[in-house]
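For reference, the structure is listed below as structure tokens.
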Number of protein chains: 4
Amino acid sequence: MDEHSSDPAKIYFSPKVSNRDRAVFEAGIALGMVIHQFMGIPIKFEEEVKLLEKVIEYAILSQPFKSEAKVSISIDIPKDDNPYRYTTLRSRNLDVTIVTSYGKTKVKARLRYIPELDYTLAYIEDIIEEE
Amino acid sequence: MDEHSSDPAKIYFSPKVSNRDRAVFEAGIALGMVIHQFMGIPIKFEEEVKLLEKVIEYAILSQPFKSEAKVSISIDIPKDDNPYRYTTLRSRNLDVTIVTSYGKTKVKARLRYIPELDYTLAYIEDIIEEE
Amino acid sequence: MDEHSSDPAKIYFSPKVSNRDRAVFEAGIALGMVIHQFMGIPIKFEEEVKLLEKVIEYAILSQPFKSEAKVSISIDIPKDDNPYRYTTLRSRNLDVTIVTSYGKTKVKARLRYIPELDYTLAYIEDIIEEE
Amino acid sequence: MDEHSSDPAKIYFSPKVSNRDRAVFEAGIALGMVIHQFMGIPIKFEEEVKLLEKVIEYAILSQPFKSEAKVSISIDIPKDDNPYRYTTLRSRNLDVTIVTSYGKTKVKARLRYIPELDYTLAYIEDIIEEE
């Protein structure tokens, strides 16, 4: 997109803010949204997991300047008759890759659990500034 | 189900609690969950709405003693190129019907926006106590 | 309260629904709300925990027919300089006691983690039907 | 802070990522968290609003590289005896200012409702790169 013609919110940002800053900022917003919107969903069905991955992808793409989203959920679903044996989505179950685009800058960011940190980290995998 | 054999949590409830009380209580939990878990999801795609209805149904059925769930989302999706024109799920967009079963009691409950109250009401449509 | 005069939503409930059913139903809604609204809040400060307990109590009391709420959060807050060492609220950190009142019926319900079940259980501790 | 010594997650980021990128990214995460974590909280008490502002500030400061947070909630609380007359927190009720710090870069970002856009916008008010 051409941010000059089609970003009606651009005037609210500091003039110091570059296209790169915007693409990075939007990536942060997207991953903060994913973690805090979807945690806690009760899960007992494999089919539910597949649909939820798609719903999260669509939710990401619904917000401004998100051009790609890929969500993979890795979760153990209990298999027994105990009615209390289900699980709930936690951030550590998610592996999310997004691409934001602003002007000619693209940012590829990711959310995944890092065992060495014992933390579900949101981080930037790549920044591409086209000519 | 036969709650005597298969409800390991029954001992934590007061002995005053009947099967009917349990079915009603579980209906309340389910509808409280739906409202507060799913509000705020960004939505811009018709396909997302369809998948989200299914995800909410599965989430309801994942929790104990829920035997049926039907979710319908009524929401206006903006149709223009403004990147800030998407919507987010609100409780008033939901029409949810659930059935809980405990012992031989079934409770049919519903969540929907009531214009006269200007309120998204969770209420009980029927209680069926079989012989 | 006198539900005949002051519950504008009563007409939407099945005529089979008793005051007891209503008090039980409202207790379920309250505990479903607590679990799914507050999970995931980032926590690093003791003072935050104290304030959050009060906020959850107020949130419970904001909804209809809730007359008492007591929330206690038990959570380990990491004490080191690693910026990634904070915690997030999980349902198992909560011990919530509520009382709902409808007509002359009161229901005392609780949410707490039960180690034997490895589950954060919502259950009814008492039902009091006054003359 | 000195990010070389005390950011154990730095190695997961692309080497293209500058301190400025990090400070911007963390600002986005914080504001995405606020919107999607706190929406939907039932509110009926003035005191609850004051405590909730503090809880949100603490939640922001709990996450990495957040150095300042100021939250103001503007919300109308219904004043009548109807038990269904309470409100729930929406993103448009929030005015949030945060400062993130990474290395010698600070980013000041804000979340507030912009009437002209009919949108609760997260935006960057300033970027300060010290010598």
With every protein chain kept in place and a 1.4 Å probe, region B:1-52 has an accessible area per residue in Å² of 35
Note: probe point = Cα of B:TYR113 + 7 Å toward Cβ; backbone nitrogen < 16 Å; residues of region D:27-57 passing the test are D:40
So, over other residues within a Cβ distance under 13 Å of D:SER72, counting Lys, Arg +1 and Asp, Glu -1, the net charge is +3
Listed by chain and number, the residues whose amide H is under 5 Å from that of C:ILE114, excluding neighbours fewer than 5 places away on the same chain and using placed H, are C:TYR119, C:THR120, C:LEU121
Region C:69-105 scanned against label point 7 Å out from C:GLU129 along Cα→C-beta; backbone N under 20 Å for C:99-105
Interface buried area B-C, accessible surface with 1.4 Å probe, both sides summed, nearest 100 Å², comes to 2900
Of every hundred units of 1.4 Å-probe accessible area on region B:89-131, the number belonging to carbon and sulfur atoms, as a percent, is 40
Sorted by chain and number, the residues with a modelled amide H under 5 Å from that of D:THR88, at a separation of 5 or more or across chains, are D:ILE43
In degrees rounded to 10, the 0-90 angle between helix B:46-62 Cα long axis and the longest Cα principal axis of chain B is 20
In units of 2.2 N^0.38 Å, the Cα radius of gyration of chain C is 1.23
Burial-style ranking of B:26-34, A:18-26, C:14-22, B:8-16, average other-beta-carbon count within 10 Å with highest first, yields B:26-34, A:18-26, C:14-22, B:8-16
Over the Cα atoms of the protein assembly as shown the radius of gyration and the largest Cα-Cα distance (Dmax), both in Å, equal 23.1, 80
Relative contact order as a percentage, region D:42-131, C-alpha pairs under 8 Å and 6+ apart, gives 23
Total charge of the residues flanking C:ARG112 in space, meaning their Cβ is under 10 Å from its Cβ, with Lys and Arg +1 and Asp and Glu -1, is +1
Ratio for region D:86-131, C-alpha Rg to 2.2 N^0.38 Å, reads 1.46
Rounded to the nearest 10 degrees, the helix A:19-38 long axis (Cα) sits at an angle to the longest Cα principal axis of chain A of 20
Note on region A:73-131, DSSP bridge orientation, antiparallel percent to nearest 5 equals 100
Rounded to the nearest whole number, the per residue volume of the convex hull around the C-alpha atoms of region D:61-109 in Å³ is 85
Carbon plus sulfur, as percent of the 1.4 Å-probe accessible area of region C:31-77, comes to 47
Comparing C:ILE41, C:ILE56, C:ILE75 in a Gaussian network model of chain C (Cα, 10 Å), the one with the largest mean-square fluctuation is C:ILE41
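The values are calculated or read from the model by the stated rules, or taken from the named source; none is laboratory data. Bear in mind the structure is a predicted one, so any value in this text is a computation, not a measurement. Heads up, the Cβs are rebuilt from the backbone with ideal geometry, glycines too, and the neighbour counts pull from every protein chain shown. Heads up: the accessible areas ignore ligands, DNA and RNA and are worked out on the full protein's heavy atoms, side chains in. Shrake-Rupley method; radii C 1.70, N 1.55, O 1.52, S 1.80 Å.
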